[in-house]
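Enquirer: Structure below; questions to follow.
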Amino acid sequence: MGRRGGEWGYRETEPSPPIFTDRIGSLPAEPQAEPIPALSGREIGNPIRSTLSILLPALNEEQGIERVIQAIPRRQLELQGLAYRVYLLDGKSTDRTRAVARRMGAEVVVQTGNGKGAAFREFLPQLKADITVILDSDGTYPPEMIPQLVAALGERSPVVLGSRFRESWMDDGAMSLVNQVGNRLLSSFASFLFRTPVSDVCSGMWAFRSDRLKSLDLTAERFELEVDIFAECALRHIPIAEIAIPYRKRVGERKLRLRDGLRIGLVLLKKRIRSPFHGPENGRMDPLAPMIGFGQGG
Ligand SMILES: Nc1nc2c(ncn2[C@@H]2O[C@H](COP(=O)(O)OP(=O)(O)OP(=O)(O)O)[C@@H](O)[C@H]2O)c(=O)[nH]1
Ligand SMILES: [Mg+2]
């Protein structure tokens with residue numbers, strides 16, 4: 001299947017950076033079907049101003065991935081002047097996830113390691129677009145909100161988080177009570193440790209100016225990816241803006257276990273103990289310094 005010119009909105013005449021098409025690793029190819037018809041960039045009057053990569057980490061999400069890619073608001077993104085591509089960051093799925101994503105016109109990148117965090121980090125060196133959006137592939141996060149997240153990006157808000165807790169937009173049964181309490185506790189813990197308010201530190205939907213994203217020293221392997229991103233931004237004084245998003249019931253089997261939640265808390269604590277704040281705030285009083293035995297220097 002060859003992707004047709006402009007399928008994801010890139011125009012050849014624009015001075016946008018070249019778009020990465022390599023794949024990491026390789027698995028046997030699945031049979032490929034024709035992609036769904038896409039908008040032609042020529043229909044749109046606005047000039048393309050920025051490039052956008054939409055990253056969809058997935059492990060066995062054949063049901064969710066179709067729903068997610070289908071719901072990406074292509075016309076709105078093009079009207080917003082965004083030339084975008086969609087990448088499936090596949091965790092070596094054993095179901096039809098890759099085949100479905102390809103059929104829907106996404107680039108498929110198969111990670112060599114294991115875990116959502118590892119898949120994301122593995123892709124970063126090859127990221128070329130000006131703007132990056134990540135969201136889960138299980139149908140819980142709203143692709144239709146991508147334009148709002150991207151629109152909120154700016155010099156003073158280079159990172160935007162989609163928060164499930166700022167408004168009461170959560171579907172019944174989308175998140176168990178245990179997970180709701182756990183998520184709120186982790187967010188309060190993160191806010192305290194890193195002196196940076198955050199309402200939903202485990203959100204799976206974020207937008208970034210790619211240059212700032214690439215400046216982070218991420219180490220996450222699994223589900224601690226989001227707290228790793230948060231902590232790195234906080235330590236570097238990179239502001240994080242929040243936008244309220246709805247949250248829906250997952251399709252397909254969940255991968256997160258209770259022990260992952262505990263691990264996320266531990267990762268936050270370890271990261272804070274090991275990492276001093278960077279930059280201009282050095283020298284300010286650190287409430288944790290007496291407790292953990294280091295100051296703000298370095
Ligand atoms: N590439 C890759 N993606 C993964 C891996 N494990 C999970 N994912 C994806 O990461 C996203 C988040 O995983 P979920 O299982 O939905 O975790 P969660 O959203 O915290 O928990 P739920 O409430 O159960 O949905 C999903 O799109 C998964 O398919 C992995 O090892 N590699
Ligand atoms: Mg999920």
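Enquirer: Could you run through segment 67-78 and say how many residues are assigned to a loop (DSSP other than H, G, I, E, B), over 11 Å from ILE54 (Cα atoms) and of a type in the set (A, V, I, L, M, F, W, C)?
Expert: Of all residues in segment 67-78, those assigned to a loop (DSSP other than H, G, I, E, B) come to 71-73.
Still in the running and over 11 Å from ILE54 (Cα atoms): 71, 73.
Next, only the ones that are of a type in the set (A, V, I, L, M, F, W, C) stay: 71.
Matching residues across segment 67-78 total 1.
Enquirer: Give segment 257-279 a look and list any residue that's part of a loop (DSSP other than H, G, I, E, B) and either surrounded by 14 or more Cβ atoms within 10 Å (Cβ to Cβ) or more than 16 Å from ligand 1 (Cβ to nearest atom) (or both), or say none. Outline the logic, then answer.
Expert: So in segment 257-279, the residues part of a loop (DSSP other than H, G, I, E, B) come out as 257, 275-278.
The answer is SER275, PRO276, PHE277, HIS278.
Enquirer: Of the numbered conditions (1) over 13 Å from the mean Cα position of the chain (by Cα); (2) at pLDDT 95 or above, VAL178 fails exactly one; give the number of that condition.
Expert: With (1) over 13 Å from the mean Cα position of the chain (by Cα); (2) at pLDDT 95 or above applied to VAL178, the lone miss is (2).
Enquirer: Just the residues that are surrounded by 13 or more Cβ atoms within 10 Å (Cβ to Cβ), outside any strand (DSSP E or B) and within 13 Å of ligand 2 (Cβ to nearest atom), please, taken from segment 246-256. Quick ask: steps written out before the conclusion?
Expert: Applying the first criterion (surrounded by 13 or more Cβ atoms within 10 Å (Cβ to Cβ)) to segment 246-256 yields 246-252, 255-256.
Remaining after also requiring outside any strand (DSSP E or B): 246, 248-252, 255-256.
Within segment 246-256, ARG248, LYS249, ARG250, VAL251, GLY252, LYS255, LEU256 qualify.
Enquirer: Given the conditions (1) more than 16 Å from ligand 2 (Cβ to nearest atom); (2) among the charged types (D, E, K, R); (3) assigned to a helix (DSSP H, G or I), and given that GLU226 satisfies all but one, which numbered condition is not satisfied?
Expert: Answer for GLU226: the failing condition is (1).
Enquirer: Out of curiosity, is LYS92 basic (Lys, Arg), within 16 Å of ligand 2 (Cβ to nearest atom) and either within 22 Å of GLU61 (Cα to Cα) or under 15 Å from the mean Cα position of the chain (by Cα) (or both)?
Expert: Numbers: basic (Lys, Arg): yes; within 16 Å of ligand 2 (Cβ to nearest atom): no; either within 22 Å of GLU61 (Cα to Cα) or under 15 Å from the mean Cα position of the chain (by Cα) (or both): yes.
Taking the combined requirement at face value, the residue does not satisfy it.
Enquirer: Further question on the same structure: For CYS202, all conditions in the list (1) of a type in the set (A, V, I, L, M, F, W, C); (2) touching a strand residue (DSSP E or B) at 6+ places or on another chain (Cβ under 6 Å); (3) under 27 Å from THR97 (Cα atoms) hold save one; what is the number of the exception?
Expert: Of everything listed in (1) of a type in the set (A, V, I, L, M, F, W, C); (2) touching a strand residue (DSSP E or B) at 6+ places or on another chain (Cβ under 6 Å); (3) under 27 Å from THR97 (Cα atoms), CYS202 misses just condition (2).
Enquirer: Report whether or not ARG121 is under 23 Å from LEU216 (Cβ atoms), in contact (Cβ under 8 Å) with a residue 12 or more places away in the chain, buried (at least 19 other Cβ atoms within 10 Å of the Cβ) and not aromatic (Phe, Trp, Tyr). First the steps, then the outcome.
Expert: Numbers: under 23 Å from LEU216 (Cβ atoms): yes; in contact (Cβ under 8 Å) with a residue 12 or more places away in the chain: yes; buried (at least 19 other Cβ atoms within 10 Å of the Cβ): yes; not aromatic (Phe, Trp, Tyr): yes.
Spelling it out, ARG121 is indeed under 23 Å from LEU216 (Cβ atoms), in contact (Cβ under 8 Å) with a residue 12 or more places away in the chain, buried (at least 19 other Cβ atoms within 10 Å of the Cβ) and not aromatic (Phe, Trp, Tyr).
Enquirer: Something else now. Sort out which residues of segment 79-122 are of a type in the set (Gly, Ala, Ser), part of a loop (DSSP other than H, G, I, E, B), more than 17 Å from ILE134 (Cβ to Cβ) and touching a Pro at 6+ places or on another chain (Cβ under 8 Å), and write them in order of number.
Expert: GLY81, GLY105
The values are calculated or read from the model by the stated rules, or taken from the named source; none is laboratory data. All figures in this text were calculated on a predicted structure; none of them were measured in a lab. Here Cβ is always computed from backbone atoms with ideal geometry, including for glycine, and neighbour counts include all displayed protein chains.
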